[in-house]
Amino acid sequence: MKKSKKLMAALIPTIAATFLLSVSASAHVSVKPSTSTTEAWETYTMKVPVEKDVPTTKVTLKIPDGVEFEQYQPVPGWTVSEQKDASGKATSITWTATGEGILSGQFQQFTFVAKNPASGQKVAWDAYQYYTDGSIVEWAGEEGSDTPHSITEIIAASSTEKQDQTVTDTTKTQSNTGGVQTIPTVVSIISLLVSIAALISALRRKK
């Protein structure tokens, strides 16, 4: 009996430490998925939990080098702004609450689409979480730090995945150019109808 109590007494600190570590890890700002493939148009989700007793009202996410931000999913109660470089590419995205924001004990998810780099690598998502008390938590540290950034490992796509991506890119291009291609087609049809009408009119005059 005494041995059991001693064993429990020895295990309690370990169990408590493990529990606290898991809670701390789950409370970090994270970007998922943690793995993706080269040149894929990936749908990413940033999860922002609140660790304080005050709300979070703004979150800024830096877009890693080589990643191309494409579009975001609107979230009720939040506005979105982009910071761009000289070439027009988004370098950071900021979500700002129009209301009370994310309250203590809550979390919010923000979803966006981005194109992965062409080469395999690890991309780091630096995030900055703003609280109403004026504090800013910079989730930009290395793995193992108190405020680590989230990592997505980009791995080389298989031949099948490359073919699927080519189909996706082709469909995207056709969708973007569909409206432009329609204009010449309509003009050609109108010209043909005008020519037919002119021919019929000329034949009637000869009669």
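The values are calculated or read from the model by the stated rules, or taken from the named source; none is laboratory data. None of these values were measured; they are calculated from a predicted model. Here the Cβ positions follow ideal geometry from the backbone for every residue, glycine too, while neighbour counts run over all protein chains shown. Side chains included, ligands, DNA and RNA excluded: accessible areas come from the protein's heavy atoms. Shrake-Rupley method; radii C 1.70, N 1.55, O 1.52, S 1.80 Å.
Just the residues that are of a type outside the set (A, V, I, L, M), part of a loop (DSSP other than H, G, I, E, B) and closer than 23 Å to Ala27 by Cα, please, taken from segment 75-125.
Step one: filter segment 75-125 for residues of a type outside the set (A, V, I, L, M), giving 76-79, 81-85, 87-89, 91-92, 94-96, 98-101, 104-112, 115-117, 119-122, 125.
Next cut, part of a loop (DSSP other than H, G, I, E, B) only: 76-77, 85, 87-89, 98-101, 104-106, 116-117, 119-120.
Within segment 75-125, Pro76, Gly77, Gly99, Glu100, Gly101, Ser104, Gly105, Gln106 qualify.
Please go through segment 126-146 and pick out each residue that is open to solvent by 50 Å² or more (accessible area, probe 1.4 Å) and assigned to a loop (DSSP other than H, G, I, E, B).
Listed by number, the residues that qualify are Thr132, Asp133, Gly134, Glu142, Glu143, Gly144, Asp146.
Sort out which residues of segment 147-158 are in contact with a Gly (Cβ under 9 Å, 6 or more places away or on another chain) and outside any loop (DSSP other than H, G, I, E, B), and write them in order of number.
Scanning segment 147-158 gives Pro148, Glu153, Ile154, Ile155.
Run down Glu39, Glu68, Glu100, Glu82 and say which single residue is buried (at least 18 other Cβ atoms within 10 Å of the Cβ) and of a type in the set (D, E, K, R).
Checking each option against the conditions leaves just Glu39.
Quick one: would you say Val31 is out of contact with any helix residue (DSSP H, G or I) (no Cβ under 9 Å at 6 or more places or on another chain), at pLDDT 95 or above and in a strand (DSSP E or B)?
In short, yes.
Which one is least open to solvent (accessible area, probe 1.4 Å) among residues in segment 85-97 that are farther than 13 Å from Val48 by Cα and among the β-branched types (Val, Ile, Thr)?
Once the filter is applied, the top-ranked residue is Ile93.
Identify the residue in segment 42-65 that is open to solvent by 60 Å² or more (accessible area, probe 1.4 Å) and in contact (Cβ under 8 Å) with a residue 60 or more places away in the chain and, among all such residues, is nearest to Gly99 (Cα to Cα).
Here the residue is Lys58.
Condition (residue is at pLDDT 95 or above and either of a type outside the set (Phe, Trp, Tyr) or surrounded by fewer than 11 Cβ atoms within 10 Å (Cβ to Cβ) (or both)) applied to segment 15-24: is it met by at least one residue?
No, segment 15-24 contains no residue that is at pLDDT 95 or above and either of a type outside the set (Phe, Trp, Tyr) or surrounded by fewer than 11 Cβ atoms within 10 Å (Cβ to Cβ) (or both).
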